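Report on the structure given below.
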Amino acid sequence: MNWAGMALSAAAGLAVAAAAIWMSVGAVPFPWWVVVPEDEVGVLFLGLGLLVWVRRPVVGRRMALLLVAVAVTWYLPYLQFSANPVVFRLGFWLFYLHIAVLAQVFFAAPHGRLARPAERWLVAGVYATALVTQGMRVLTEDPLVAQGWGSPSAKVSSWAPVGSVLALLLTAVGLALVVQRWRAEPALARRVHSLLWAGYCVVAAVLSANFVGAVLRVSVFTSGILLLCYAVALMQLGAVAAVVALRTDASIQRIVARLLAQLDPSSATRVPLHNALAEALKDPSLTLHYWSAGTREYVDPRGESAPAAAWPGHAVTVVKGPDQQPLAAIGHDPYLLTQPHYRQLLDAVVAASGLALDNARLDAENQAHLRGLLEAEHATRRSIQAVLHDGVQHRLTDIQFLLGQARDTCQDPGVHASLTLIADEVQATARDLRDVVAGIYPVNLHDAGLAAALDRLADLPRSAPLELRVSSSRWPPAVEETAYFVVSEAVGNARKHANATRICVDVETTQDGVLVRVSDDGVGGATFGGRGTGLRGLRDRVAAGGGTLKIAPSAIGTIIEAVLPCA
Amino acid sequence: MRVIVAEDNFTRDAIADVLGGPPYGLDVIGRASTIADLLRLVDADPPDIVTLDLRMPRVDPRAKPELAGLDAARQIRSAHPGVAILVLSQFDYVPWVEEVVKLGMAVGYQLKDELRDLGRLAEVMRAVAAGEIRIDSTLVARLVSRPRLDGPLDRLTRREREVLGLMAEGLSNAGIAARLVIEQGSVEAHATEIYRKLGISHLGGEVNARVMAVLAFLRSGRTPGFAS
């Protein structure tokens, strides 16, 4: 539909409204404060319909047409003011048609389609009631008196109360369906629909009051009040329906375009994949798991095993690669699958994020491999440490003992002197070995914690003093191990290369995990690309645990900062 | 002096055999190769002193050794407060030494290097069994020479540094006087001067409180009240 078509529809709609209002002037029994709002209901719906049409020309078209249909049917009763008996009867017959269209608007929002059989039946029932009971009245009542919501003096057939009672029943059924839907719908759908539910309740209450009034044949004044309430409630429901249609039906192309922009690796405004998907699908509870081809299981973005059983309450959409291998599983609100519009959106979003998902999957898999390597390295260190302690160190102790015995029982002063020399050498060896063993793995880390384990690093004589400001908190073993090796390597580097007069170590818990900072007042100039692999190795070690390590800018000396996530 | 020796290797029998014979003449009443054995022996017949390794198998002598020695020491101390405890270890971790000192009097922590001079070991065992505290001198020397930011130990004289080291090893003023061959009164004067210069305050008369305070100072350069 082009702009000209839309303008034409608007003009035609306004013409209908103007003609209807013109015909009614002076012919209705109600005061102006009822007539004026009542006359404007159709105009309002026309405006809302056109607004939705303009703003959502593709996805909002059905909804726009329905809103315009309400506008047009709203003015059909005004045909009763025609002098032509055929036109008059047409107006009488179609008096309640707008209520049926309104019911369709309500239950079809926000996409304009009736998705559920029960709701389809209900809407069909409203159409049937509106057309059949009024049709019977046209055929049976003679003389046929123009009706404006139940003039108390008019003579009516029994079809009139039948129509009112049926309308009341249908309103109640509609309310039951609304309650049922509200209870069954997941959070996302509730957010979308909550305004509509409230609007329905208001309209249902007012409408019921009107039908009851019609049955009881209340006075013109009372029915005028009820009519005014009805007009206001309708305007409110129309506005809500339009808002819901406009708010939820952002065009798929626009969402996908935004998603692609957010996932562009070269973009400065790049958004993490999970957040971008959650925004595109309007589901903050969205979960994302990657298929690890190596271990044949789903893993989280850090590479930790995450079996599908652990994602309750979610519908799962599996994204497949070109070779039909799974890439990832998106866990999302089941509501997305029940609505054709969201299904299309889901398909489009999945197609658009395929490459990014594949990259993220490889990242997660690499992360898992790196962490496995790191764990294996720590385990190897522990076992080397244990083997040296339980084997070589014990044997050296035995040798020291035997040497001591030999020396004590030796009578020859020359041999005694030699044995003393040998014993001193063996002791020096034992001490060196103790330092080596302690450097391989801090055996007291596990039971005494990081602060106690780092204490030994301060004991190196004739080196820069080491100031330890280490929180006595405990963290997961893998995090403590990594933190220990970061500090011991960085302190070793500072001692070897920085020519520092003091070295400070700070370890504390922050929002992002454990912050490890080693700073010195030495010559500075540390880089990841320099001689040796110390800092680069350290960065890899930290990255393997999902953390980051950087050389922080500093006026003097060097500051190494690592953040180790604990989750 | 009645001794139980707990080690999971050759060292156990070597110590037991040599210490049991002349010239040391200790009464070795039990040898344990697991934590469970040790606790059973101590419960059955509490000795004057036990020596134990920090890393031993818990129950099965063929199982991998575990770091269970500290737990065993705590259990013995609570069940038999009169049994002196001497830890013989390869680990030179001061935090573990502090854990041992926390048990109270009649405790010791020696590195296994000491085994090359059994005469000294026997002397340490006698002192600990008599209720004293003995910390390995190598460990204490390393703590004393630990590099420090403001060099608080530079304010001490050489003799005061010697006294501080012996205080950390657990010697009483009388013991320090005997070791340095000086008057006990001058040891007390040195000690007062050391406290003043280093700001080590609130020391009770208990030797282990003094050892803890000195160890804590040597470790962090601060008095225990200030340590984080």
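Since every read-out is calculated from the coordinates, none of them should be taken as a lab result. Just so you know, these numbers come straight off a predicted model, no measurement behind them. FYI the Cβ positions are ideal-geometry reconstructions off the backbone, even for glycines, and counts take in every protein chain you see.
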Which whole-number percent of Cα pairs in the stretch A:516-567 have a distance greater than 19 Å?
26
Taking 0.36 nm per residue of sequence separation and subtracting the Cα-Cα distance, how much length would be gained by fully extending the chain between A:GLN324 and A:ALA18, in nm to one decimal?
104.0 nm
Set of the stretch B:133-176 residues, backbone N closer than 18 Å to the point 7 Å along the Cα-Cβ line of B:ALA189:
B:156-164, B:173-176
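To the nearest µm²/s, what D does Stokes-Einstein give for the protein assembly as shown at 10 °C and 1.306 mPa s, using the Kirkwood radius over alpha carbon pairs as Rh? Kindly include the intermediate steps, with their values, before the conclusion.
Details: Rh = 34.6 Å.
Diffusion coefficient, whole number: 46 µm²/s.
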Taking a cut-off of 25 Å between Cα atoms, list the lysines near A:LYS496, but don't count ones fewer than 8 places away on the same chain.
A:LYS550
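Using a Förster distance of 22 Å, how high is the FRET efficiency between A:ILE556 and A:ASP435, based on the Cβ-Cβ distance and rounded to 0.05?
Values: r = 30 Å, r/R0 = 1.37.
After rounding to 0.05, the efficiency reads 0.15.
What Kirkwood Rh does the stretch A:192-233 have if only Cα atoms enter the pairwise 1/r average? Answer in Å. Mind showing how you got there, number by number?
Numbers: mean 1/r = 0.0927 Å⁻¹.
Computed over Cα pairs of the stretch A:192-233, the Kirkwood hydrodynamic radius comes out at 10.8 Å.
Which pairs, out of B:LYS64/B:LYS112; B:LYS102/B:LYS197; B:LYS112/B:LYS197, put more than 32 Å between their alpha-carbon atoms? Please list the in-between numbers first.
Details: B:LYS64/B:LYS112 20 Å; B:LYS102/B:LYS197 25 Å; B:LYS112/B:LYS197 34 Å.
From the list (B:LYS64/B:LYS112; B:LYS102/B:LYS197; B:LYS112/B:LYS197), the Cα-Cα distance tops 32 Å for B:LYS112/B:LYS197.
Any idea what % of Cα-Cα pairs in the stretch A:1-156 are farther than 21 Å? Write down the numbers at each step before the final one.
Numbers: 6131 of 12090 pairs.
Summing the P(r) tail past 21 Å for the stretch A:1-156 gives 51 percent.
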Calc'd 3J(HN,Hα), the stretch B:142-156, phi into Karplus 6.51 cos²θ - 1.76 cosθ + 1.60 (θ = phi - 60°), Hz, glycine/Pro = x, comes to 5, 5, 5, 8, 4, x, 10, 5, 9, x, x, 6, 4, 6, 8
Distance from the stretch B:138-154 to the stretch A:40-64 (C-alpha centre basis), Å
84
Residues meeting the amide H criterion for A:VAL514 (H placed from the backbone, H to H distance under 5 Å, 5 or more places apart or on another chain) are A:LEU564, A:CYS566
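How big is the Kirkwood radius of the stretch A:156-286, worked out from every pair of different alpha carbons and given in Å to one decimal? Each step should come with its number before you reach the end.
Numbers: mean 1/r = 0.0550 Å⁻¹.
18.2 Å is the Kirkwood radius here.
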Calculated SAXS-style log₁₀ I(q)/I(0) at q = 0.18, 0.23 Å⁻¹ - the stretch B:7-53, Debye, Cα scatterers:
-0.53, -0.83
Going by amide H atoms built from the backbone, whose H comes under 5 Å of the H on A:VAL470, apart from near neighbours?
A:VAL507
Diffing the stretch A:11-20: the Karplus 3J(HN,Hα) column from phi (6.51, -1.76, 1.60, θ = phi - 60°), in whole Hz with x for Gly and Pro, holds 5, 4, x, 5, 5, 4, 4, 4, 4, 4
Read phi for every residue in the stretch B:75-81 and hand back ³J(HN,Hα) as whole Hz from Karplus 6.51 cos²θ - 1.76 cosθ + 1.60, θ = phi - 60°, with x for Gly and Pro.
4, 5, 5, 7, 7, 9, x
Compute the acute angle (0 to 90°) between the alpha-carbon long axis of helix A:477-493 and the principal axis of greatest extent of the alpha-carbon atoms of chain A; round to the nearest 10°.
50
Other residues with Cβ under 14 Å from the Cβ of A:LEU260 give, with Lys and Arg +1 and Asp and Glu -1, a net charge of +1
Helix B:35-44: angle to the longest alpha-carbon principal axis of chain B, degrees 0 to 90, nearest 10?
90
Per-residue [θ]222 nm for chain A (sum of -39500 (n - 2.57) over DSSP H runs n ≥ 4, rounded to 500)
-20500 deg cm²/dmol
For the stretch A:417-506, listing trypsin sites (Lys or Arg not before Pro) in a DSSP loop whose Cβ sees at most 15 other Cβ atoms within 10 Å gives A:ARG462, A:ARG474
Relative to the compact-globule estimate 2.2 N^0.38 Å (N residues), the Cα gyration radius of the stretch A:458-567 stands at a ratio of 1.00
When Lys and Arg each count +1 and Asp and Glu each count -1, what net charge do the other residues less than 11 Å away from A:MET235, Cβ to Cβ, add up to?
-2
Kindly state, to the nearest 0.05, the FRET efficiency for A:LEU373 paired with A:ARG302, given R0 = 22 Å and r defined as their beta-carbon distance.
0.90
Label point at B:ALA130 placed 7 Å out along Cα→Cβ; residues across the stretch B:174-201 whose backbone nitrogen lies under 19 Å
B:174-185, B:187-188
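Between A:THR509 and A:VAL54, what's the calculated FRET efficiency when r is the beta-carbon distance and R0 is 51 Å? Round to 0.05.
0.40
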Near the amide H of A:THR548, under 5 Å away, which other amide H atoms are found, from residues 5 or more places off or on another chain, if H is placed in the peptide plane?
A:VAL563
Distance between the C-alpha centers of the stretch B:95-109 and the stretch A:376-409? Whole Å please.
24
If the reach is capped at under 28 angstrom between alpha carbons, list the lysines near A:LYS320, excluding any in the same chain fewer than eight residues apart.
A:LYS282
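Hey, any idea what the orientation-averaged projected area of the convex hull of the stretch A:359-434's Cα atoms comes to, in nm²?
Computed as one quarter of the Cα hull surface, the answer is 5.9 nm².
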Just to be sure I understand the model, the point goes 7 Å from the Cα along the line to the Cβ. What's the resulting A:THR140 to A:ARG61 distance in nm?
4.3
Helix A:61-75 versus the longest principal axis of chain A: what is the Cα-based angle in degrees, 0 to 90, to the nearest 10?
30
Write down the percent of antiparallel bridges among all DSSP beta bridges whose residues are both part of the protein assembly as shown, to the nearest 5.
60
Need one number: the % of Cα-Cα pairs in the stretch B:22-80 sitting beyond the 14 Å mark.
54
Taking the simple approach of a point 7 Å from Cα along Cα-to-Cβ for both A:SER208 and A:ALA239, what is their distance in nm?
2.4
Taking the alpha-carbon centre of each part, the distance from the stretch A:83-110 to the stretch A:508-567 in Å is 74
